[in-house]
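**Q** Below are the structure tokens for one structure; questions will follow.
A short reminder: the numbers here are calculations on the coordinates, not readings from a lab. Note that the structure is predicted; figures quoted are calculated from it, not measured. So basically every Cβ, Gly included, is an ideal-geometry build from the backbone, and we count neighbours across all protein chains shown.
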Amino acid sequence: YFHYSRDLESEKRSAAQLIVTMAANFGELILLLGDHHTPSRTHTIPEPFQRMLVPNKMQHVICTGNIGGDAAEYERLKELVGNGSCVHCVAGEYDFGGASGGGGCSSPSADGGNAALNNLARSFPETKVIQLGSFRIGIIGGHQVVPWGEMSALAMVRRRLNVD
């Protein structure tokens with residue numbers, strides 16, 4: 001039994017070393033999210049996801065819009081990657097300055113609302129193209145693809161943005 005236990009510990013160390021080596025060779029991790037509407041539609045992110053959202057685990061965050069009604073959410077995304085230039089957001093239909101001009105669940109309250117988010121969301125472009133490794137990635141809010149869910153319409157957007 002003692003001999004088996006020592007071999008098991010050795011196997012655990014070897015497996016841990018393999019995981020570290022695989023992670024080092026894996027490349028960059030990207031968190032892709034959209035329509036997260038936090039905290040305007042939900043007050044918290046489910047616990048299984050919370051455990052994965054730790055600082056410096058991901059190297060990039062890509063958000064397809066509708067970040068939510070609180071500028072702190074954008075700051076939280078920046079904290080995840082440790083660098084604001086690695087957070088890539090586009091305007092959603094409910095973000096201020098989005099395609100529909102704002103409103104929806106993120107509209108400011110009667111007491112002035114969240115001016116920081118209002119200014120931040122206005123700075124989000126309608127589309128954004130980024131280069132990550134050998135991939136040219138186009139970011140767009142789904143509300144801009146008409147008809148919604150149509151693959152040929154999405155292919156036209158891909159060609160227009162000249163992305164992979």
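**Q** Can you run the Rg to Rh ratio on the stretch 49-94? Use alpha carbon positions and the Kirkwood inverse-distance Rh.
**A** Expressed as Rg/Rh, it is 0.96.
**Q** With label points built 7 Å along Cα→Cβ from the Cα atoms of residue 132 and residue 42, find their separation and express it in nm.
**A** With each label placed 7 Å out from Cα toward Cβ, I get 2.0 nm.
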